[in-house]
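Step one of this worksheet: look at the structure below.
What follows draws every value from the coordinates through simple rules; no lab data is involved. Worth saying up front: this structure is predicted, and the values here are computed from it rather than measured. Here the Cβ is made from the backbone with ideal geometry for all residues, glycine too, and neighbour counts use every protein chain on show.
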Amino acid sequence: MPEHPYAPGKLSINTRNHPKSGALMAPQAPSWQTLLGMGAVNAALLVVGIALGWLVDSMLNTDPIFTLVGVALGIVADIVYTTVQFRQFLKN
């Protein structure tokens, strides 16, 4: 009979052993300071995307096109940044 994937010692979530007791511990969640910093970086990435798009639009006289491209690039940068950061927390 195949072993159940969640049998003791076969947990599929990322766990670690307690240094003294050896008991399984859940992954540690990021602190509020870390999450606040991530939010600030997300806001900055979006603002930079919008600002660069607006700057290109003002130089080329193409009003909303590059601003919208900047918004899209800012959103993509936010998603990539957030994904990379949370993968680090899931590893630890």
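What distance in nm separates the simple spin-label points at Asp63 and Ala51, each placed 7 Å from Cα in the Cβ direction?
2.4 nm
Step through the residues of the range 70-75 one at a time and calculate ³J(HN,Hα) from phi using the Karplus curve (6.51 cos²θ - 1.76 cosθ + 1.60, θ = phi - 60°), rounding each to whole Hz and writing x for Gly and Pro.
x, 4, 4, 5, x, 5
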